[in-house]
Amino acid sequence: MVAPIQPATPRYTLPFDRRRDTSVRERLKQTFCLNLLGAPSLEILRQISLEEDQEKWSDLKQVLTDRTINVTFIAALVVMSSATFITVPSPTDISTWDPEFPYFCFLAAYGGGMLAIIVGFAQIVFLGIVGPLDIHEAQRSMFKFIALSMLLMLPLFLLLVAALCAGVGFVAALWHGCMLWIPVFMTTSYAVFLVIMFMIIAVLY
């Protein structure tokens, strides 16, 4: 007789109705704080640490480690792409990075990507040794709480900064090209992008 398939246990729990449990201000606070790394937040980390469930704690650490590894890998791609743009000349007349501004953007993207890799490795090491008592200690010390928050935030935050700088540099390189339709197309694309971002923010909050 074949045993029935058991449903997979969720790796972490989330509120059933987030608008009932949290206010708009609280959701904005979570977004600009530890949810840059994704759920769970530091508060959920604290709750799980209080349960003293070794299996759930290990599973949660693995989730955060996997996400950090993904961020670090993408940051490495940003570093390689930025280095390529800096070291090679403009291949066509469609785009050019002879002016200084695109170089500045690509250098900033390179630096942000390198910092994201370094902080990501540090976070992976930290997640390998952190325990429930470390979370409790961070709750009692403002300095340790800020340090832990920054450590969890920085890899993805630096990656977003690097990606933004690379995108601005690429747009600037296209803008300095000889094709008139490219600036018009880029301006229209940014307008559409802003409208889409406004719609996403309106739905989330």
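General remarks:
- The test for being in contact with a Cys (Cβ under 7 Å, 6 or more places away or on another chain), at pLDDT 85 or above, closer than 30 Å to Thr65 by Cβ and open to solvent by less than 90 Å² (accessible area, probe 1.4 Å) does not hold for Ala162.
- From Ala122, Ala108, Ala138, residue being in a helix (DSSP H, G or I), of a type in the set (Gly, Ala, Ser) and closer than 20 Å to Thr68 by Cα: Ala122
- Counted residues, region 95-117 - those being without any contact (Cβ under 8 Å) to a residue 40 or more places away in the chain and either of a type in the set (S, T, N, Q) or surrounded by fewer than 15 Cβ atoms within 10 Å (Cβ to Cβ) (or both): 1
- Restricting region 125-135 to residues that are open to solvent by 50 Å² or more (accessible area, probe 1.4 Å) and either outside any helix (DSSP H, G or I) or of a type in the set (Val, Ile, Thr) (or both), the residue that is modelled with the highest pLDDT: Val125
- Residue that is modelled with the lowest pLDDT, among those in region 181-197 that are open to solvent by 80 Å² or more (accessible area, probe 1.4 Å) and closer than 15 Å to Ile94 by Cβ: Trp181
- Candidate set: region 168-180, residues that are without any contact (Cβ under 8 Å) to a residue 24 or more places away in the chain and part of a helix (DSSP H, G or I); chosen: the one surrounded by the most Cβ atoms within 10 Å (Cβ to Cβ): Val171
- Candidates Ile74, Ile146 - the one that is surrounded by fewer than 12 Cβ atoms within 10 Å (Cβ to Cβ) and within 23 Å of Lys61 (Cβ to Cβ): Ile146
- Any hit, region 99-109, residues being of a type in the set (Gly, Ala, Ser) and in contact with a Lys or Arg (Cβ under 7 Å, 6 or more places away or on another chain): no
The values are calculated or read from the model by the stated rules, or taken from the named source; none is laboratory data. Computed from a predicted model, the values in this text were never measured in an experiment. FYI the Cβ positions are ideal-geometry reconstructions off the backbone, even for glycines, and counts take in every protein chain you see. The protein model used for the area step is the full one, side chains on, heavy atoms only, and it has no ligands, DNA or RNA in it. Shrake-Rupley method; radii C 1.70, N 1.55, O 1.52, S 1.80 Å.
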